[in-house]
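Nothing in this text is a laboratory measurement; each read-out follows from the coordinates by a stated rule. Keep in mind that this is a model prediction, so the values were computed, not measured. Cβ placement follows ideal geometry from the backbone for every residue including glycine, while neighbour counts extend to all protein chains displayed.
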Amino acid sequence: MHFSFEPLTLRTRHVFAISRGAADTFGGAVVRIEDGGLVGLGEAAPSPFYGETQATVLAAIELLKKEIPEDPFQLEELAQQMNRTLGRNPAAKAAIDIALHDLVCKKLGVPLHSFLGFSADKTPCTSFTIGIDDVETMKQRAIEATDFSVLKIKVGTDRDERVLEAIRSVTDMTLRVDANCAWSPREAVQRISALEKFDIEFVEQPIPPGDPGAMRFVRENVSVPLIADESVETSSDIRALVGAVDGINIKLMKCGGVREALKMIHVARATGMKVMLGCMVESSIGISAAAHLSPGVDYADLDGNLLLATDPYVGVQVKQGRLVLPSEPGLGVRAGNGA
Ligand code: MG
């Protein structure tokens, strides 16, 4: 097997803002694992919130590459060995895990969703995310999102109510909101109560992580379901949130890859939670890897590639809001015009 990796820098079409910051440039990495004329592709899309940057990802991949098993089918062994070598660095681990899954599926000649036991015709619709901006701009983005049936609105400013009112006035689409930890527990109850009248499907991460009791307090005092995102990184975080939230948002870049994400789906289901699949700003490599898991979840928010000015890769498509999985072996991802 031949292993290589390189930096990947992505730019979004618009500055992308959430409650804790804004950016239009996102540095990550691409991993390639070649064997027998086949190439497995993986991507790391690090988030500083989880302690990763492009520099840490490149350093961690260099350290983790020795953990790739001689037998590429030992995907569980890879995941465990990477966790023994480095405690965190989930995006770096995800890049290697995704690339090995891609390679193994190509060896078998099956798309990743088939390898995982999922049906391509059971994919959910994905939401399209509207970052924080002024009221008119956010309303305009909602008007332009004609290919979608679900919008996810980033909130956490003093104009949230006006934003939701403006967007609700131009669309009857399903609306979700994501506060990215912006509120205190009491504030969250007030803010969510004020947004309920706009028919919100759920609220993602109203308060900072680390206090399941506070999350439970919010849940007990609002009528909109709560989904934990920043509060849950891997499967081991789920148990503490039972009863405190209605569901969890799984991201390959938080949990370390396909293997752990699948485990999280099972653990969440076993505790009666809803399951959402989310993303960072990623190319079609990372988004396609997640999309192959999407037949196993209730809600998808896999639009990180659609926010890009240019996506260097082509993979999963969105047709009338629904994720359409590639039928080629592996991720079904190839280099696009921007590569
Ligand atoms: Mg979120």
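Would you mind counting up the charge near SER236? Only other residues with Cβ under 13 Å from its Cβ, with Lys and Arg at +1 and Asp and Glu at -1.
Working: positive: ARG88, ARG239, LYS254, LYS263; negative: GLU233, ASP237, GLU260.
Here the count lands on +1.
Given LEU10, ALA22, LEU100, which one lies farthest toward the positive end of the charge dipole of region 2-109, if we put +1 on the Cβ of every Lys and Arg and -1 on the Cβ of every Asp and Glu?
Ranked along the dipole, the leading option is ALA22.
Counting every Cα pair in the chain, what percent are over 30 Å apart?
Numbers: 17783 of 57291 pairs.
Roughly 31 percent, rounded to a whole number.
Test of understanding: ordering ASP158, ASP229 by Cβ neighbours within 10 Å, fewest first, what list do you get?
Working: ASP158 7, ASP229 23.
Ranked by crowding around the Cβ, least crowded first: ASP158, ASP229.
Sum up the charges of everything whose Cβ sits under 11 Å from the Cβ of PHE115, counting Lys and Arg as +1 and Asp and Glu as -1, but leave PHE115 out.
Numbers: positive: LYS106, LYS107; negative: ASP102.
With Lys, Arg at +1 and Asp, Glu at -1, the neighbours total +1.
Using just the helices of the chain, give the 222 nm mean residue ellipticity in deg cm²/dmol: DSSP H runs with n ≥ 4 each add -39,500 (n - 2.57), and the total is spread over all residues, rounded to 500.
Details: 11 runs with 109 residues, N = 339.
After summing the helix terms and dividing by residue count, I get -9500 deg cm²/dmol.
Using the Karplus equation 6.51 cos²θ - 1.76 cosθ + 1.60 (θ = phi - 60°), what ³J(HN,Hα) coupling, rounded to whole Hz, does each residue of region 24-36 give in order, writing x for Gly and Pro?
Going residue by residue, I get 10, 10, 10, x, x, 8, 10, 10, 10, 10, 10, 7, x Hz, with x marking Gly and Pro.
Roughly how many nanometres apart are two label points built 7 Å out from the Cα toward the Cβ at THR25 and GLU161?
4.0 nm
Which trypsin sites (Lys or Arg not before Pro) from region 69-116 combine a DSSP loop assignment with at most 14 other Cβ atoms within 10 Å? Could the numbers behind the result be given before it?
Numbers: sites: ARG84, ARG88, LYS93, LYS106, LYS107; in loops: ARG88.
When the trypsin sites (Lys or Arg not before Pro) of region 69-116 are filtered for loop state and at most 14 Cβ neighbours within 10 Å, nothing remains.
Taking the Cα centre of the chain as origin, work out the dipole magnitude from +1 charges on Lys and Arg Cβ and -1 charges on Asp and Glu Cβ, in debye rounded to 20. Could the numbers behind the result be given before it?
Details: 35 positive and 45 negative charges, 48 e Å.
Dipole about the Cα centre, nearest 20: 240 debye.
Under the rule a/c < 1.5 gives rounded, and otherwise a/b versus b/c splits prolate from oblate, where does region 183-281 land using the Cα gyration tensor? Working shown, then result.
On the way: a/c = 1.96, a/b = 1.76, b/c = 1.11.
Judged from the Cα gyration tensor, region 183-281 comes out prolate (a/c at least 1.5, a/b above b/c).
If I take every Cα pair under 8 Å that is 6 or more residues apart in the chain, average their sequence separation and divide by the length, what percent do I get for the relative contact order?
Once divided by the residue count of the chain, the mean separation gives 20 percent.
Positive end of the dipole of region 32-187, charges at C-beta (+1 Lys, Arg; -1 Asp, Glu), about the Cα centre: which of CYS181, GLY51, THR126 has its Cα farthest in that direction?
In region 32-187, that residue is CYS181.
What is the magnitude of the charge dipole of region 2-109 about its Cα centre, with +1 placed on the Cβ of each Lys and Arg, -1 on the Cβ of each Asp and Glu, and no other charges, expressed in debye to the nearest 20?
On the way: 11 positive and 14 negative charges, 84 e Å.
Rounded to the nearest 20 debye, it is 400 debye.
Any chance you could check the Cα centroid distance between region 1-53 and region 269-339 for me, in angstrom?
14 Å
Taking every pair of alpha-carbon atoms in region 76-134, what share in percent sits in each 10 Å bin, from 0 to the bin with the longest distance?
Calculated over all Cα pairs of region 76-134, the distribution is 18, 31, 32, 16, 3 percent.
By count of other Cβ within 10 Å, fewest leading, how are ASP71, ASP97 ordered? It would help to have the intermediate numbers written out before the result.
On the way: ASP71 10, ASP97 27.
Ranking ASP71, ASP97 by Cβ neighbours within 10 Å, fewest first, gives ASP71, ASP97.
Can you tell me which lysines have their Cα less than 28 Å from the Cα of LYS106? Leave out same-chain residues fewer than eight positions away.
Within the straight-line limit of under 28 Å, LYS106 reaches these lysines: LYS65, LYS66, LYS93, LYS122, LYS251, LYS254, LYS263, LYS319.
Restricting things to alpha carbons, tell me how big region 140-219 is in terms of Rg and Dmax, in Å.
Rg, Dmax (Cα atoms, Å): 12.9, 39.
Which of VAL218, PHE148, ILE192 sits farthest toward the positive end of the charge dipole of the chain, with +1 on the Cβ of Lys and Arg and -1 on the Cβ of Asp and Glu?
VAL218
For each of GLU165, GLU67, GLU282, count neighbouring Cβ atoms within 10 Å of the residue's Cβ, then give the residues from fewest to most. Present the calculation step by step, with values, prior to reporting the outcome.
Values: GLU165 15, GLU67 18, GLU282 31.
With the sparsest Cβ surroundings first, the list reads GLU165, GLU67, GLU282.
How big is the dipole moment of region 225-287 about its Cα centre under a simple scheme where the beta carbon of each Lys and Arg is +1, that of each Asp and Glu is -1, and everything else is neutral? Debye, nearest 20, please. Display every interim value, and only then the final one.
Working: 7 positive and 7 negative charges, 51 e Å.
So the magnitude is around 240 debye.
Rounded to whole Hz and in sequence order, give me ³J(HN,Hα) for region 310-326 from the Karplus expression 6.51 cos²θ - 1.76 cosθ + 1.60, θ = phi - 60°, writing x for Gly and Pro.
Calculated HN-Hα couplings, in order: 9, 9, x, 10, 10, x, 4, 10, 10, 10, 6, x, 8, 6, 10, 7, x Hz.
Quick check of the Kirkwood formula: for region 2-109, what is the inverse mean of 1/r over all pairs of different Cα atoms, in Å? Can you show the working numbers first?
On the way: mean 1/r = 0.0694 Å⁻¹.
Evaluated on region 2-109, it is 14.4 Å.
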